[in-house]
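**Student:** Once you've had a glance at the structure underneath, I'll fire off some questions.
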Amino acid sequence: MNETAYTYGILGFFSLCIAAWFWLERDRARRGERLIAATRRMAAGDLEARAGVRGHDDLGVVADAVAQMAARLKTLGATYQERQDWFGLLLEHSSDLILTLDTDWQIGFASPSLYRFLGWPMDQMVRRPLAEFVHPDDAEAVLAACRATPVGPAPGEPIAFRLLHVDGSWRSVEAILSPPRNWSGPERIVMTARDIGARERLERELAQAQQMAVLGRFAGGVAHDFDNLLTAIQGYTSLLLRDLRPGDSQREGLEEIRQSSERAAGLTRQILAFGRRHAAESGPVDLNRLVGNLVRLLPPLIGDDLALVTVLAPSIGLVRADPGHLEQVIMNLVVNARDAMPDGGRLTIGTVNEQVTDFDPRASPELPPGYYVMLTVRDTGTGIDPDTLPSIFEPFFTTKERGLGRGQGLGLATVYGIVKQCEGHIDVESAPGRGTTVRVYLPMARAESGAGGPGAPSATRSSRIILLVEDEEPLRLFAKAALEEQGYRVLEAGHGWEALMRLSEFDSAVNLVIADVMMPEMGGTELARRLAVERPGLPILFLSGYTDDEMTLRGLGPPSAFVQKPFTPDVLARRVRELLG
Ligand SMILES: Nc1ncnc2c1ncn2[C@@H]1O[C@H](COP(=O)(O)OP(=O)(O)OP(=O)(O)O)[C@@H](O)[C@H]1O
Ligand SMILES: [Mg+2]
């Protein structure tokens, strides 16, 4: 009995042991499964997943280590994301254009700035050959630069080329190509490029301005000499004509000479205007009123086939300019627009106030920031092809049939000179078949009280003494004759020094000085400066048609005026009368 109980006891004990063992094994298997499931979730990215396996056995230790690893990975991931965001931010705000090229010169990566710059959506740039976006004329050079990109750490020489914008236009960039260092990916080149459109525009404008300045000096110099000769020709012709009887047979020939020299004077005036050596009467001008008056005269000029539209902004600012010159600007632009629309079209003349700010893409040394009044002349005509565009302001450049009165190539040269004299800027936007828009920016001026009208003619001229200072002898003799005919007494001098000497001889008897601006020894400007000190109040009349800066003459002090060369005896007499009042 005891033995049996003993045996059952043993069996019971073993059964218990086996049951406990089974239970422990199942528990271990469950914990193992939980651990495996948790690590799988972690592998799938859920770093918050925990197995919930505790204990001091090996599973507990492993579970603990895995949990620690997940926590560490999470911290690293957060740091990584932060840095990723930071580089993304840098890239997003970078104005430099960054792209990578694979071995087959396909675009691997393109920075957001590049998408913004060219307007292409990302999927239309990535995995496409760079050549598809490079101007055909530049493609070979770009490919050569890619091939030549050094393997070493130093980047290659910068290369300039044009990239295709989504709108079909080309954008100029300058790029540096370098190989990515310590990189085993497919990227072979990192290209960092920069928009150089504005720089190119400035360089173009500067080169054009320099070229125009040289041409202007040259043309102005020639025209100045011609002016002196023409003044003498016109003057003597007028004097001869005055002395002839009405029916004299010589009259016809002399009239012919006079008319021809007048036409020639018209030409030199245009050239002088281009060279900015055209003496100008500059007053505050209301461009709207000027355009309004001029537009009434235009219909016969432009014909019936053209629709004329004026868009004048209300309360336009005043500009400081010679109204006659501004009319000439508008007329020249209108005639060009008319010629560009032989089959009809629309001609729009507009005015508007414009502010150019420091950050304005239009701002340049030629168009400094400030307030302007902008005159626009737009046509729907033939347009100008890009090869011709850089030349249109050159004097004597024309695509029209050459001839007097038509196609002399002086229209835009004159406009350019006048606009520059007003310290303004001119910009032409044109494309073949798409018409032309000319924009003239004129600096805005403050209004001033108007100048007084001409003085009343003097009664006793014979008592008046005029000192005539002119180096060109024929011109001096002609002017002297013209003045003496009016009854004035005339003293002569060949330059400024001589004039000062003559003045000291005659002391206060001299009532007026007439002086050429450009003379050897001492020119009219310097003479005027000295007179302002030695003889303040003595009026000076400049014989001019040739002044680089008439404002300096204006600011000299004594009441001064201009007679533009070439002049007739009547014009000279009228100016003298005005000054001697
Ligand atoms: N609105 C325009 N549309 C098309 N082409 C133009 C326009 N304005 C100027 N051009 C081009 O520029 C050239 C130069 O113009 P510019 O006014 O200086 O001389 P022109 O008109 O040929 O001769 P001119 O004005 O002396 O009679 C023209 O011959 C023409 O080719
Ligand atoms: Mg013209």
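The values are calculated or read from the model by the stated rules, or taken from the named source; none is laboratory data. Just so we're clear, the structure is a prediction, and the values are computed from it rather than from any experiment. For neighbour counting, all protein chains shown are included, and Cβ atoms are generated from backbone atoms with ideal geometry for every residue, glycine included. Areas reflect the complete protein model, heavy atoms only, side chains present, ligands, DNA and RNA absent. Shrake-Rupley method; radii C 1.70, N 1.55, O 1.52, S 1.80 Å.
**Student:** With N residues in the chain, what two-decimal value do you get for its Cα radius of gyration over 2.2 N^0.38 Å?
**Tutor:** Rg over 2.2 N^0.38 Å, computed on Cα atoms: 1.74.
**Student:** Would you grab the residues whose amide H sits under 5 Å from the one on residue 512? Only those 5+ places off in sequence or on another chain, please, with H modelled 1.01 Å from N.
**Tutor:** Excluding prolines and chain starts, which carry no amide H, the hits are 465, 467.
**Student:** Sticking with this one: If you take the C-alpha gyration tensor of segment 87-162, multiply each eigenvalue by 5 and take the square root, what semi-axes do you get, largest first, in whole Å?
**Tutor:** Equivalent-ellipsoid dimensions as semi-axes: 21, 16, 12 Å.
**Student:** Considering only protein heavy atoms and a probe of 1.4 Å, how much of the accessible area of segment 87-181 is carbon and sulfur, as a whole percent?
**Tutor:** Accessible surface attributable to carbon and sulfur in segment 87-181 totals 60 percent.
**Student:** Here is a further query. What number, rounded to the nearest 500 deg cm²/dmol, is the helix-based mean residue ellipticity at 222 nm of the chain, given -39500 (n - 2.57) per DSSP H run of at least four residues and division by all its residues? All intermediate terms of the calculation are to be shown ahead of the outcome.
**Tutor:** Values: 15 runs with 262 residues, N = 581.
Computed mean residue ellipticity for the chain: -15000 deg cm²/dmol.
**Student:** Using 0.36 nm per residue, how much length does the chain from residue 84 to residue 255 gain when fully extended, once their Cα-Cα distance is taken away?
**Tutor:** That works out to 52.8 nm of additional length.
**Student:** To continue, here is another question. Pop out the ³J(HN,Hα) list for segment 99-105 in order, Karplus 6.51 cos²θ - 1.76 cosθ + 1.60 with θ = phi - 60°, rounded to Hz; leave Gly and Pro as x.
**Tutor:** 8, 10, 10, 7, 4, 8, 6
**Student:** Between residue 267 and residue 309, with labels modelled 7 Å along Cα→Cβ, what's the label distance in nm to one decimal, could you check?
**Tutor:** Output for this residue pair reads 3.9 nm.
**Student:** Starting from the Cα-Cα distance between residue 484 and residue 23, subtract it from 0.36 nm times their residue separation and give me the gain in nm to one decimal.
**Tutor:** 151.9 nm
**Student:** Same structure again: Beta carbons within 10 angstrom, averaged per residue: use that to sort the peptides 388-398, 486-496, highest first. Walk me through the numbers before you get to the answer.
**Tutor:** Numbers: 388-398: 17.0, 486-496: 19.1.
The peptides rank, most packed first, as 486-496, 388-398.
**Student:** Assuming R0 = 30 Å, can you tell me the calculated FRET efficiency for the pair residue 213 and residue 135, based on Cβ-Cβ distance, to the nearest 0.05?
**Tutor:** That gives a FRET efficiency of 0.40.
**Student:** Check the straight Cα-Cα distances from residue 565 and name the lysines below 29 Å, setting aside those fewer than 8 residues away within the same chain.
**Tutor:** Partners found: 420, 480.
**Student:** Work out the FRET efficiency for residue 391 and residue 434 from their Cβ-Cβ distance, taking R0 = 22 Å, and round it to the nearest 0.05.
**Tutor:** Once rounded, the FRET efficiency stands at 0.70.
**Student:** State the percentage of accessible surface on segment 201-274 attributable to carbon and sulfur atoms; use a 1.4 Å probe and exclude ligands, DNA and RNA.
**Tutor:** So the carbon and sulfur contribution to the accessible surface is 60 percent.
**Student:** For labels at residue 225 and residue 147 in the simple 7 Å Cα→Cβ model, what's the distance in nm?
**Tutor:** Once both label points are built, they end up 5.6 nm from each other.
**Student:** In whole angstrom, note down how far apart the Cα centers of segment 47-78 and segment 88-150 are.
**Tutor:** 45
**Student:** Calculate one ³J(HN,Hα) per residue across segment 70-75 by plugging θ = phi - 60° into the Karplus curve 6.51 cos²θ - 1.76 cosθ + 1.60, and present them in order as whole Hz with x for glycine and proline.
**Tutor:** Per-residue couplings from phi come out as 4, 4, 5, 4, 4, 4 Hz.
**Student:** Then there is this: Relative to the longest principal axis of the C-alpha atoms of the chain, give the angle of the C-alpha long axis of helix 136-148, reported between 0 and 90° and rounded to the nearest 10°.
**Tutor:** It works out to around 50 degrees.
**Student:** In percent, how large is the relative contact order of the chain, given Cα pairs closer than 8 Å and 6 or more residues apart? Provide the component values of the computation, followed by the final result.
**Tutor:** Values: 924 pairs, mean separation 54.4, N = 581.
Contact order relative to length: 9 percent.
**Student:** Working from Cα positions, state the angle (0 to 90°, nearest 10) between the long axis of helix 569-580 and the longest principal axis of the chain.
**Tutor:** Here the helix axis deviates by roughly 80 degrees.
**Student:** With all protein chains present, how much of the accessible area of segment 283-445 (probe radius 1.4 Å) comes from carbon and sulfur, to the nearest whole percent? Working shown, then result.
**Tutor:** Working: 4020 of 7680 Å².
Using a 1.4 Å probe with all protein chains present, segment 283-445 comes out at 52 percent carbon and sulfur.
**Student:** 5 Å is the cut-off here: which amide hydrogens, built 1.01 Å from N in the peptide plane, fall below it relative to residue 562, excluding neighbours closer than 5 in sequence?
**Tutor:** 542
**Student:** Sticking with this one: Express in nm, to one decimal, how much length is gained between residue 289 and residue 343 on full extension, taking 0.36 nm for each residue of separation and deducting their alpha carbon distance. Spell out each step's value before the answer.
**Tutor:** Values: separation 54, 0.36 × 54 = 19.44 nm, distance 2.99 nm.
Going from the current span to full extension adds 16.4 nm.
**Student:** In addition: Roll a 1.4 Å probe over the protein chains and send me the accessible area per residue for the chain in Å².
**Tutor:** 55
**Student:** Give me a comma-separated list of calculated 3J(HN,Hα) values for segment 368-379, in order, Karplus coefficients 6.51, -1.76, 1.60 applied at θ = phi - 60°, integers in Hz, x for any Gly or Pro.
**Tutor:** Couplings: x, x, x, 9, 9, 10, 9, 9, 10, 10, 10, 10 Hz.
**Student:** So for segment 201-274, averaging the separation of alpha carbon pairs under 8 Å that are six or more residues apart and normalising by length, what relative contact order in percent results?
**Tutor:** Result for segment 201-274 is 48 percent.
**Student:** Enumerate the amide H contacts of residue 351 below 5 Å, restricted to partners 5 or more residues apart or on another chain; note that Pro and chain-start residues carry no placed amide H.
**Tutor:** Excluding prolines and chain starts, which carry no amide H, the hits are 311, 312, 313, 376.
**Student:** Let me ask something else about it. What's the ranking of 245-255, 567-577, 59-69 by average number of surrounding C-beta atoms within 10 Å, highest first?
**Tutor:** The most tightly packed comes first, giving 567-577, 59-69, 245-255.
**Student:** From largest accessible area down, sort 420, 565, 480; use a 1.4 Å probe on the protein chains.
**Tutor:** 480, 420, 565
**Student:** Percentage of Cα-Cα pair distances in segment 1-159 greater than 26 Å, rounded to whole percent?
**Tutor:** Across segment 1-159, Cα pairs with separations above 26 Å total 62 percent.
**Student:** Related question: Hey, what angle do you get for helix 197-243 against the long axis of the chain, alpha-carbon based, 0 to 90 degrees rounded to 10?
**Tutor:** Between helix and principal axis, roughly 10 degrees.
**Student:** With a 10 Å radius around each residue's Cβ, average the other Cβ atoms per peptide and rank 433-442, 119-128, 211-220, highest first.
**Tutor:** 433-442, 211-220, 119-128
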